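Reading through the structure tokens given below for one structure.
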Amino acid sequence: MSIEIQTGRQPSPQLRVGLIGDPVGHSFSPRFQQPAFDALGIPARYELWHTPAKQLIERIRSLCEPDCLGANVTIPHKEAVLPLLDKIDPLATRIGAVNTIVHHDDYLYGYNTDAMGLLHALHEQGLGTKEQNKISLRGYNALLLGAGGAARAAAFALVDAGVEQLIILNRHLERAQHLATDIQQHYDRPVFSLNDPSFLIPRASSLIINATSVGLHEDISPLPAKILAHYDPDTFVYDMIYNPTQTYLLCQARLMNFRTANGLSMLLHQGAQSFSLWTNQPAPIEIMRRSLM
């Protein structure tokens, strides 16, 4: 099966695409991206490209090689790659973070599929409604943990879906304030930025999203249990971390009988969109889902 429409060149005996980040060894992306390429007969290998910050420019330059379709981008490079690309999609520009790079006609294009990936993941968990292919979260109050690249995508996704208010909680207040300011340019409802969880005032119909790496390597939570305990029973807790599948935050939330989910569903949906951008073909999402879940 040809991918000439996307790449503008003859198919290579072996094409490459990969994940750029530091670390990348924990990633499940090859687990479901490779079966998708294989299912459509696309001769491509999905690889893990561990890339420290000092090697980022060299890594991005390598994406221009003829056999490279592009890449996914993860922590900590989602914001740093923007000035290294030729063209940025308007949504990624607004978010200020890129998680998907496409090599096309000797140019590198940057996209953000995290935002829609998160909304599709939340909708699969029964949150919100779908109206004319747009997911609505009207009536929800969102607490976002973090202010980095993943958090920026989540923040814009949440306000685009119409949450009633957004609270950004981050260790560094200035970064949370900067994100809040960016959001307010596109959103006329309340946005608050905090660096101390003790200032939180829980509200009904709350959605808590962890967009930090806290819990990725250690049994610690980005939100103290004593704060989490103040939330109503209808609270939904979503942790973008998917490996480990049970983070300390999710364990705390389950002990309090909150509904919870890890980041596997978001990984699936953002990855399916990335696949379509690289290949110009619909992603075989059910094959990807079976391989991942």
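Per-residue answers, yes or no, for (1) of a type in the set (F, W, Y); (2) over 19 Å from G148 (Cα atoms):
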position: G21; (1), (2): no, no
position: R31; (1), (2): no, yes
position: A36; (1), (2): no, yes
position: H50; (1), (2): no, yes
position: I75; (1), (2): no, no
position: A92; (1), (2): no, no
position: Y109; (1), (2): yes, yes
position: D114; (1), (2): no, no
Matching residues in the range 144-169 - criterion: being within 18 Å of G117 (Cα to Cα) and not small (G, A, S): L144, L145, R152, F156, L158, V159, D160, V163
Residue check for S276: surrounded by 19 or more Cβ atoms within 10 Å (Cβ to Cβ) and either within 19 Å of the chain's Cα centre (by Cα) or free of Cβ contacts under 8 Å to residues at least 40 places away in the same chain (or both): no
Failed item, numbered, when P222 is tested on (1) of a type outside the set (D, E); (2) closer than 20 Å to A153 by Cβ; (3) in a strand (DSSP E or B); (4) open to solvent by 20 Å² or more (accessible area, probe 1.4 Å): (3)
Residue tally, condition in contact (Cβ under 8 Å) with a residue 60 or more places away in the chain, open to solvent by less than 80 Å² (accessible area, probe 1.4 Å) and either aliphatic (A, V, I, L, M) or assigned to a loop (DSSP other than H, G, I, E, B) (or both), over the range 192-207: 3
Verdict on G146 being open to solvent by less than 50 Å² (accessible area, probe 1.4 Å) and of a type outside the set (A, V, I, L, M, F, W, C): yes
Test: residue in the range 277-289 that is under 29 Å from D89 (Cβ atoms), out of contact with any helix residue (DSSP H, G or I) (no Cβ under 6 Å at 6 or more places or on another chain) and among the acidic types (D, E): yes
Evaluation of F258 against (1) out of contact with any Ser or Thr (no Cβ under 6 Å at 6 or more places or on another chain); (2) open to solvent by 10 Å² or more (accessible area, probe 1.4 Å); (3) among the hydrophobic types (A, V, I, L, M, F, W, C) (one fails), failing number: (1)
Qualifying position, being modelled with pLDDT under 90, within 20 Å of R138 (Cβ to Cβ) and either touching an Asp or Glu at 6+ places or on another chain (Cβ under 7 Å) or of a type in the set (D, E) (or both), among D219, D232, D188: D188
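Here are I75, I57, I101: which of them is within 18 Å of A153 (Cβ to Cβ) and at pLDDT 95 or above?
Unique residue meeting the criteria: I101.
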Top-ranked residue in the range 15-26 [being touching a residue at least 60 places away in the same chain (Cβ under 8 Å) and crowded, with 19+ Cβ neighbours inside 10 Å; ranked as nearest to R290 (Cα to Cα)]: V17
Residue in the range 79-94 that is assigned to a strand (DSSP E or B), surrounded by fewer than 18 Cβ atoms within 10 Å (Cβ to Cβ) and touching a Ser or Thr at 6+ places or on another chain (Cβ under 8 Å) present: no
Considering residues of the range 45-64 that are out of contact with any Gly (no Cβ under 9 Å at 6 or more places or on another chain) and touching a residue at least 40 places away in the same chain (Cβ under 8 Å) only, the residue nearest to N99 (Cα to Cα): I60
Qualifying residue in the range 177-184 (condition: open to solvent by less than 40 Å² (accessible area, probe 1.4 Å) and part of a loop (DSSP other than H, G, I, E, B)): no
Subset of the range 27-78 [surrounded by 17 or more Cβ atoms within 10 Å (Cβ to Cβ), among the hydrophobic types (A, V, I, L, M, F, W, C) and assigned to a loop (DSSP other than H, G, I, E, B)]: F28, L40, I42, L63
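The values are calculated or read from the model by the stated rules, or taken from the named source; none is laboratory data. None of the values given here were measured: they were computed from a predicted structure. Don't worry about glycine lacking a Cβ; one is built from the backbone with ideal geometry, like all the others, and counts go over all protein chains shown. Remember, those area values only see protein heavy atoms, side chains included, never the ligands or the DNA or RNA. Shrake-Rupley method; radii C 1.70, N 1.55, O 1.52, S 1.80 Å.
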